[in-house]
Every structure is written in structure tokens, then in C-alpha cells.
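S.K.: Please read through the structure below; I'll follow up with questions.
The values are calculated or read from the model by the stated rules, or taken from the named source; none is laboratory data. Predicted model only: the values in this text are computed from it and were never measured. Note: ideal-geometry Cβ built from the backbone for every residue, glycine included; neighbour counts use all protein chains shown. Only protein heavy atoms, including side chains, enter the accessible area calculation; ligands, DNA and RNA are left aside. Shrake-Rupley method; radii C 1.70, N 1.55, O 1.52, S 1.80 Å.
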Amino acid sequence: MLAQQHAGTVLTIDLGAICANYRLLRSRCSSAQCAAVVKANAYGLGIEQVAPALSAEGCRTFFVATIDEGLALRAVLERAHGGENPRNSPNQTTVFVLSGVMTGAEETMLHHRLTPVLNGLNEVDAWAAMAKGKGTEITAALHVDTGMSRLGLPDDELDELSRDWSRLQGIHLAYVMSHLACADEPGHEMNRAQLEAFRLARQRLPSAPASFANSAGIFLGSDYHMVLTRPGISLYGGSPSLENANPMAQVIKLQGKVLQVREIDRGRSVGYGATYRADRRTRVATVAVGYADGYLRSLSHSGGGYIGDVRVPLVGRVSMDLVTFDVSDLPETEVRPGSMIELIGAHNPIDVVAAEAGTISYEILTGLGSRYHRTYVSATGPA
Ligand SMILES: *Cc1c(COP(=O)(O)O)cnc(C)c1O
């Protein structure tokens, strides 16, 4: 409680909402299994708290971006279960590392049961050599590029591999996977084109279960589900579609504490650059949050907060530790030092704040700062 009292801004993370979102996504996955993407510290929300919650919900497959994230996740899962409940045992859990095998890290990955997503022939060869050295089969996923041109086997490497499957010798292919570029635009022609490219690629590879859909891909329909889906953002409340209403439960609430309230005359400026000038007598509330907290500077002049149901527009520029709101529309008694302004929450969902900042919800979440007082709740009960 004390920590909350001297914190300027409070970030509340609803683990119940994350679990409800997992259940909703799983219910939309036809017969496919639903993994959880928990890279970047579970999209900024805390791997330590999020992974055990999802594991308790029945999630047995996780994706992280890097080997270090994988090591952290393994430690979290082992601590959470202490080997007590065999059904939840960390041994039953697969952790995939999206960035693949790095030279020199093969032993560490094997030792900690981190399964690489092989992104190129060089990685296929490295992992096969590892298997040969160990004299045993070792598991991996194989990523083929169908349109992102970022990671995954490019066409020429797929050609090469399709002519010589022996390069996969010793590798147990858990999944062949690919990644959608435009899934959040359901009508985009890329979706069908990538689906077809993935089908053709799989025909040229040894038969293996397929994984294709991210959050948005799940909502493109059962053609995209295959054997394993890989949602990230929608677990954390982000909309899976740019075109449709968001079916996900909001997970985070960010409340900023008012430090001071002042009344300024018409014509008086607010903040750096004096870019805002009051066009009437205005009451300005200064709140203890700024771009150093990931409250993006691009929200200057476009963002807003809420007090109850009343929107209070952000005025002036966001500075490093402070931001200013026009609270003239509220009675004086309602906005005082110590009052809280909702910066992100039910009135101001992450996708709306992201749009106001000219970015996407992913960047808002992964940028959430370290100065917030973080509280974890389970406010959203079982669905
Ligand atoms: C990040 C990532 C995901 C999760 O995507 P969301 O849009 O957050 O659901 C799935 N697959 C891959 C390969 C990724 O890099």
C-alpha cells in the first residue's frame, strides 16, 4: 500500500482477463492447440506473473523471441510448479525460441529444453549436426518465409532443402510454421496468397504439423488454424482486427496521479515549446507520467485521460516525467492533488491510445515503463 502511495502512476494488470482472453482464443481455434506468445516479457506485462497464469489455464506451448527470454521462462515455470502437479509439470511444456539457434548456444538450448525455430538452412545444418553429435533425435520447428521477408527459409533455401531432406536428419520436426503479414486486415489479398504459398511449401517438406496463425490469423477462420496457433497481442487485450470491434477483454489499467492543479488565464502557454495556449480560463492538472515511462511523446496534443466518464484532453507536450490535462470541465472538488486520471483503461483502450499516438498497441504495451507501481489482480472471473 505504501509503495502505491508514493508511486506517481499505477499500472494494474488483470491476470484473470489474460486467462479469459486465452480461453476465448482457444475457443476460436477449431481443433488446433493454442500456444501463447510471451516474448518481450509477455508484451511488457511480466513473464513472471503471466506465464504461470497461462500455464494454470492449460497452455503447454510458449513462444519467446530470444534464448535469454527462454531461460527466464523456464526458471519461472519451474518455480511456479515446483514439480508438484505432474499434469502441470514444466516437462510437459514446450518453449520455442523464435530467433532460432545461435552459434555457440546449441548446448544451452538443449540443456534448458529450449526448442529453436529454425529460420534458415545454416540453422538446420547446425541443429542436425548437434543431433548427430548427441546420437539422438532433437526437436525443432522449421520456419518458412511466405511473405514477411524477415525470418524463415527464403525460396532458394526451400528449393535446396526440398531436393535434399537428409539435411533434416536427426531433427524431429515438431512444426513447420510461417507468419502472416496482414492478418489484421481480413480482406487483404496477402492472407490467401500466404496460405497458398504455405500449402505449397509444406508439400515440398517432410510431413509435419503446421502452425500459421497469430492473434489476428485465428479470426481469419479455420483454414488458418492448422495444428497450433500462436496468439500474442490478443491475450493482452489488443484487437485482432483493424476492421472489426475488439472481442478481447482489456487487461491493463494505467492511472496517473495528479500532482498539482492550477488555473491559467486565456493566452497563457502550457509546456515545452509553448505549443499550447489556453483559449479560455483553463484549469490544468499536472500528472506524474511522461515519455520516460513509455507514455509516448507523440500523444502531445492528441491524447487524453478520463476522470469518471469525462474526457480530459491532454494539453501541451508530454515531457519526460509529466503531462498536463485540461480539467476545466470538471468541478474543482473532483480534481485535486492525489486524484487519479485514467490514462489507459475501459474508457481509453490500448488500441485507441495507440492510434492517438500514431502507433500500435504492441508498442504501447512493450514500452510500459519501469517506474509504475505494478499491481496484479484477477478482476475478470472465469467466463
Ligand atoms: C510475435 C509473433 C506472434 C504473435 O503475434 P500477435 O500478432 O501478437 O498475435 C506469432 N508468431 C510469430 C512468428 C511472432 O513473431
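S.K.: Using the Karplus curve 6.51 cos²θ - 1.76 cosθ + 1.60 with θ = phi - 60°, work out ³J(HN,Hα) for each residue of region 140-146 in order, rounded to whole Hz, and write x for Gly and Pro.
M.R.: Values, residue by residue: 7, 9, 10, 9, 10, 7, 10 Hz.
S.K.: Given R₀ = 45 Å, FRET efficiency for Met102-Ser30 by Cβ-Cβ distance, to 0.05?
M.R.: Values: r = 35 Å, r/R0 = 0.77.
For R0 = 45 Å, the calculated efficiency reads 0.85.
S.K.: Same structure, new question: Please give every one of the lysines within straight-line cross-link reach of Lys257, meaning a C-alpha to C-alpha distance under 23 Å, and leave out same-chain neighbours fewer than 8 residues apart.
M.R.: none
S.K.: With a point put 7 Å past each Cα toward its Cβ, work out how far Gln92 is from Thr359 in nm, to one decimal.
M.R.: The modelled label-to-label distance comes out at 3.8 nm.
S.K.: Starting from the residue with the highest accessible area, list Thr286, Thr136, Thr103, Thr94 in decreasing order, probe 1.4 Å.
M.R.: Thr103, Thr136, Thr94, Thr286
S.K.: Restricting to DSSP H runs of at least four residues, report the calculated mean residue ellipticity at 222 nm for the chain, -39500 (n - 2.57) per run over all residues, nearest 500 deg cm²/dmol. Show your work: numbers first, answer last.
M.R.: Details: 12 runs with 110 residues, N = 383.
It comes out at -8000 deg cm²/dmol, rounded to the nearest 500.
S.K.: Under 5 Å between amide H atoms, partner at least 5 residues away or on a different chain: which partners does Thr375 have, H built in plane at 1.01 Å?
M.R.: Under 5 Å from the amide H of Thr375 lie the amide H atoms of Leu11, Thr12, Ile13, each far enough along the sequence or on another chain.
S.K.: Going by a ≥ b ≥ c, the root eigenvalues of the Cα gyration tensor, does region 234-383 fall in the rounded group (a/c under 1.5), the prolate group (a/b larger than b/c) or the oblate group?
M.R.: Because a/c hits 1.5 or more and a/b exceeds b/c, region 234-383 counts as prolate.
S.K.: For a quick check: with amide H placed at 1.01 Å from N, whose amide H comes under 5 Å from Gly305's, ignoring anything fewer than 5 positions away on the same chain?
M.R.: Those qualifying (amide H under 5 Å, at least 5 residues apart or on another chain) are Val312, Leu314.
S.K.: Quote to one decimal, in nm, the extra length available between Ala56 and Val377 on full extension: 0.36 nm per residue of separation minus the C-alpha distance between them.
M.R.: Numbers: separation 321, 0.36 × 321 = 115.56 nm, distance 1.54 nm.
So the chain would gain 114.0 nm between Ala56 and Val377.
S.K.: Report the gain in length on full extension from His301 to Ala193: 0.36 nm times residue separation, minus Cα-Cα distance, nm rounded to one decimal.
M.R.: On the way: separation 108, 0.36 × 108 = 38.88 nm, distance 4.02 nm.
Computed gain between His301 and Ala193 is 34.9 nm.
S.K.: When Rg is the radius of gyration of the Cα atoms in the chain and Rh is its Kirkwood radius, what does Rg/Rh come to?
M.R.: Working: Rg = 23.8 Å, Rh = 22.7 Å.
Expressed as Rg/Rh, it is 1.05.
S.K.: Can you tell me the dipole magnitude for the chain around its Cα centre, using point charges on the Cβ only (Lys, Arg +1; Asp, Glu -1), in Debye to the nearest 20? Intermediate values should be presented prior to the final figure.
M.R.: Working: 34 positive and 39 negative charges, 164 e Å.
It works out to roughly 780 debye.
S.K.: In nm, to one decimal, how far is the modelled label at Arg204 from the one at Ala346, with both set 7 Å along Cα→Cβ?
M.R.: Modelled inter-label distance: 5.3 nm.
S.K.: Using only protein heavy atoms and a 1.4 Å probe, report how much of Leu259 is accessible, in Å² to the nearest 10.
M.R.: 80
S.K.: Sort Ser30, Ser239 by accessible area with a 1.4 Å probe, largest first. Let's see the in-between values first.
M.R.: Working: Ser30 75, Ser239 25 Å².
Putting Ser30, Ser239 in descending order of accessible area: Ser30, Ser239.
S.K.: Expressed in nm to one decimal, what extension gain is obtained for the pair Arg281 and Glu48 from 0.36 nm per residue of sequence separation less their Cα-Cα distance?
M.R.: Working: separation 233, 0.36 × 233 = 83.88 nm, distance 4.76 nm.
Between Arg281 and Glu48, full extension yields an extra 79.1 nm.
S.K.: If packing is taken as the average count of other Cβ atoms within 10 Å, what order do 329-339, 287-297 fall into, highest mean first? Could the numbers behind the result be given before it?
M.R.: On the way: 329-339: 12.8, 287-297: 21.4.
With the highest mean Cβ count within 10 Å placed first, the list reads 287-297, 329-339.
S.K.: Would you list Lys132, Lys253 from the most to the least accessible area, probe 1.4 Å? Intermediate results must be reported in sequence, preceding the final value.
M.R.: Numbers: Lys132 175, Lys253 85 Å².
So, going from the largest accessible area down, we get Lys132, Lys253.
S.K.: Let me ask something else about it. Highest mean first, what order results for 53-63, 196-206, 71-81 on Cβ atoms within 10 Å?
M.R.: Numbers: 53-63: 20.1, 196-206: 15.4, 71-81: 18.4.
Descending packing order for the listed peptides: 53-63, 71-81, 196-206.
S.K.: OK, next. Based on the Cβ-Cβ distance from Ala274 to Thr333, what FRET efficiency comes out when R0 is 30 Å, to the nearest 0.05?
M.R.: Numbers: r = 30 Å, r/R0 = 1.00.
That pair, Ala274 with Thr333, gives E of 0.50.
S.K.: Explain nothing, just compute: Karplus ³J(HN,Hα) = 6.51 cos²θ - 1.76 cosθ + 1.60, θ = phi - 60°, for every residue of region 364-373 in order, whole Hz, x for Gly and Pro.
M.R.: Ordered by residue, 3J(HN,Hα) equals 4, 5, 6, x, 3, x, 9, 8, 5, 7 Hz.
S.K.: On to the next question. Test of understanding: extend the Cα→C-beta vector of Ala65 to 7 Å, then name every residue of region 345-367 with backbone N under 18 Å from that spot.
M.R.: Label zone hits: 359-367.
S.K.: Just read off the accessible area of Met320 with the full protein assembly in place, 1.4 Å probe, to the nearest 10 Å².
M.R.: Met320 exposes around 100 Å² with every protein chain in place.
S.K.: Would you kindly derive the ³J(HN,Hα) couplings of region 287-301 from the backbone phi angles with the Karplus curve 6.51 cos²θ - 1.76 cosθ + 1.60 (θ = phi - 60°), listing them in order in whole Hz, with x for Gly and Pro?
M.R.: With the stated coefficients, region 287-301 comes to 10, 7, 8, x, 5, 5, 9, x, 7, 4, 5, 5, 7, 3, 6 Hz.
S.K.: May I pose another question? Name the residues whose placed amide hydrogens come within less than 5 Å of the amide hydrogen of Ala208, ignoring near sequence neighbours (fewer than 5 apart) on the same chain.
M.R.: Excluding prolines and chain starts, which carry no amide H, there are no hits.
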